[in-house]
Amino acid sequence: MATTKTFEELAASISKNAAIAGGYLRQHDIPTPSLTGGSALDTSALPAHIQAACLSLQDVSLELHELVQGPRAILMDFSTNAKADAATVFQFGLPQKILLDDAEDITYAELAQQTGLAQSALGTILRAAIVYRVFRDPIQGRIAHSAASRLWATDPAIHDLMGLNILDNGIHVGFISQALERHPKADEPTDSAAAVLHAALNGKQPHEQRSTCFEILERESARSGRARTAMNMMDKRDGVSLRHLVNGYDWASLPKDSLVVDLGGGHGDAVVAVASKFPHLKFMAQDLPQTISTAPKITHLPVEFLAHSFLDPQPIKGAKVYFFRWVFHNWPDKYCIRILQTLIPALEKGSRVLLMDSVMPSVGGVPLAREREKRYMDLVMLANFDARDRPAEAYEGIFAKADNRFQVLGIKSIECSELCLMEAEWAG
Ligand SMILES: C[S@@+](CC[C@H](N)C(=O)[O-])C[C@H]1O[C@@H](n2cnc3c(N)ncnc32)[C@H](O)[C@@H]1O
């Protein structure tokens, strides 16, 4: 990222936004956040303009920090990030072994005894974490919680998210280069880093059929359990709230008794949210058999369930809307094209296909701190599924390649939503 700003200009921007965010905290009696313990700041609960000031603070302070650091140190950070020690911290449950009372800390020797690990190895692991502000050593030879390790120790959903990031996504991302070496086209879920790695760990020969990441999750309950908890936690973010689906599309304009089919619709949360507000419509959620078999019974709304794979021809003909929420980003392009083509025999002139999915901004299109998160999730999609978070124009390309009778009506971003709506009409 090119910069023309001087240190002083960057510092002035930091001062301005620090005054905005700090002033808000003071006015509302919110304690100043601390990295060593005590209070932590949940920026997602703040008003949009304060969140913007906080995001700018992160971005500009990072830019200043890295300008001062210089390219060599940035490369060192990039190539030696905290993954190895993070995996050990997770695996040995170290956050949970340190007492929560602020006044308490524990010696390395006591912790070594509790975990059965050599004190010197424990020291190496924990000090590598301390420099990322996970744990702290209040006095030499002793270890205590930082704000981050306390959060890890006390919030089981965060613990599961750490497990997902470190032991699942992180390890898969680390294996991308080897998977690409073997399968450079990266267009099959069974060729992804996750698929290749788990096949090798299970002693499979290269010519044997590999499982997809979805199949691996289904088989391994510890992985699927932490993936579910972490996803549930992330689903609570306002940016992915179902209110954006309910309010972001003109459901009211659909004729009475129109059928909306939600493919890959899980337990039907999306259709239930829309059905509660638009009683003139009918709904069906479709998903794989094992997901449908655990869906709750819904009797108070016109919502049905059907076990159906969207890779097979669509059995429900003539629905007004075929809807996919957060599905396409899990699939390589050629599968997205196939998923659209399986709908064709069921479509009538004027049928709609509605996608709600993440749309990748152009490089530099959003603040750097946000973009880093998005680019990392794009890597996770590649590592797990040989899929990607697409830019808007890629979705148009997928409709065009599936069939030229899909007419893209538009791509709409919704205020505060992390997902966009993309709609196409079947011209018949
Ligand atoms: C990322 S989740 C999205 C779930 C839901 N649409 C939402 O917005 O929360 C992807 C969904 O696709 C489902 N899925 C995966 N492969 C499928 C297939 N071949 N046919 C139907 N559903 C599938 C999964 O079971 C899962 O429920």
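The relative contact order of segment 102-259 comes to 15 percent, based on Cα pairs under 8 Å that sit 6 or more residues apart. Rounded to 0.05, the FRET efficiency of the ASP250 and GLN96 pair, given R0 = 56 Å and the Cβ-Cβ distance, is 0.70. Size descriptors for segment 157-235, from the alpha-carbon set: Rg then Dmax equal 13.1, 38 Å. With the Cα gyration tensor of segment 7-79 giving a ≥ b ≥ c as the square roots of its eigenvalues, does the rule (a/c under 1.5 for rounded; else a/b larger than b/c for prolate; else oblate) give rounded, prolate or oblate? It comes out prolate by the Cα gyration axes. What the Kirkwood sum gives for the chain is a hydrodynamic radius of 24.5 Å, with every pair of different alpha carbons counted. Across the options GLY397, ALA369, SER351, the greatest Cα extent toward the positive end of the charge dipole of segment 314-398 (unit charges at beta carbon of Lys, Arg, Asp, Glu) belongs to SER351. From the square roots a ≥ b ≥ c of the eigenvalues of the alpha-carbon gyration tensor of segment 219-352, which class results: rounded (a/c under 1.5), prolate (a/b over b/c), or oblate? Note, shape of segment 219-352 comes out oblate. Separation of segment 7-27 from segment 293-328 is 49 Å, based on Cα centroids. Seen from every direction in turn and averaged, the convex hull around the alpha carbons of segment 1-159 projects onto 11.5 nm². The long axis of helix 368-385 is offset from the longest Cα principal axis of the chain by roughly 60 degrees. Take every pair of alpha-carbon atoms less than 8 Å apart whose residues are at least six positions apart; their mean separation over the length of segment 291-428 yields a relative contact order of 27 percent.
With K and R counted +1 and D and E -1, the other residues having a Cβ less than 10 Å from that of MET381 yield a net charge of -1. In a reduced charge model with +1 at each Lys and Arg Cβ and -1 at each Asp and Glu Cβ, segment 16-173 shows a dipole moment near 280 debye about its Cα centre. Once a ≥ b ≥ c are taken as the square roots of the eigenvalues of the Cα gyration tensor of segment 86-154, is the result rounded (a/c under 1.5), prolate (a/b larger than b/c) or oblate (a/b not larger than b/c)? Taking the square roots of the gyration eigenvalues as a ≥ b ≥ c, segment 86-154 is rounded. Return a whole-number percent for the relative contact order of segment 1-141, with Cα pairs under 8 Å and 6 or more residues apart as the contact set. About 20 percent, as a whole number. With helices as the sole contributors, the chain gives -14000 deg cm²/dmol at 222 nm; each DSSP H run of n ≥ 4 counts as -39500 (n - 2.57), and the sum is divided by every residue.
No value in this document is a laboratory result; all are computed from the given coordinates. Quick caveat: nothing in here was measured; it's all calculated off a predicted structure. All Cβ positions, glycine included, derive from the backbone under ideal geometry; neighbour counts span all protein chains shown.
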